[in-house]
Amino acid sequence: MATGELTSPEAEAPEQHHVEPSHDGHLVPRAQEEEELPYGAVRTASGRISAAEEYRSDQVAAVPFSSSQLNRLDDTLTLVSKHTKLRFSIYLGDLLPEPRAAAEKLHDQLGAAGADSVLIAVDPGRKKLEIVTGPAAKVRLSDRVCDLAAINMVASFKEGDLFGGLLTGLRMLSDQTG
C-alpha cells in the first residue's frame, strides 16, 4: 500500500486463521510452524510474534579477541586469582579524561573486594595502560613488579599482540606475588 492511499476494511485480504481439533474435540488455533518465522522469532500463546534482533552499528568497534582467546583469558584470570589469592581483572576501553584517575575510579567500583584486587586497565585507542592494586594486593605486588609487567605488556602491544601482552602481564604479576 502506498503512502496516503486509503482502503476500506472490505478491500483488505481477510485474515487467515488456522485451526485444529484439540484433544477434547474443540477447534483451537494452530501454532504456526517455527520454520515459517524468521530466525530469532517465536509466536507467543496469544499469537503475537516476539523477535530478538542483533544490535549492529557501524560505530561499534570490532571485538578484539576471538572466542577461544576470550576463553583462554578467562581461564588465565581464574588460575592466577586462585594461585595468588588476589582478584585479577582486565578492563579494555576508554580511560578518559585522565587514564590513571579513570583506572582508579574503576578499581574503586569493586568496593570492599578492591582491597585484594589487581586491575589491568588498557585504553587501546589512546595506547595507555594502568595497573591498579588495592592495599592488600600492593603489599604483595610492588610498584617495581607492576612496572616490569607493564613494560612487557606494552612491548607486546606495540607488536600488535594485545592478547599475548595481557597473558604475559598476568603471568608476570602472578609469578611475582610474595
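The values are calculated or read from the model by the stated rules, or taken from the named source; none is laboratory data. Just so it is clear, the model here is predicted, and its values are computed rather than measured. With ideal geometry, Cβ positions are generated from the backbone for all residues, glycine too; neighbour counts draw on all protein chains shown.
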(request) Restricting attention to the stretch 110-145, report how many residues are free of Cβ contacts under 8 Å to residues at least 12 places away in the same chain and either surrounded by 15 or more Cβ atoms within 10 Å (Cβ to Cβ) or in contact with a helix residue (DSSP H, G or I) (Cβ under 6 Å, 6 or more places away or on another chain) (or both). (result) 1
(message) Restricting to the stretch 154-178, give me the number of residues that are more than 17 Å from residue 83 (Cβ to Cβ) and under 22 Å from the mean Cα position of the chain (by Cα).
(response) 7
(request) Of all residues in the stretch 93-127, count the ones that are over 22 Å from residue 80 (Cα atoms) and in contact with a Ser or Thr (Cβ under 8 Å, 6 or more places away or on another chain). (result) 0
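Quick grid of which residues meet (1) part of a helix (DSSP H, G or I); (2) modelled with pLDDT of 95 or more:
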site	(1), (2)
101	yes, yes
104	yes, yes
112	yes, no
119	no, yes
126	no, no
131	no, yes
147	yes, yes
150	yes, yes
153	yes, yes
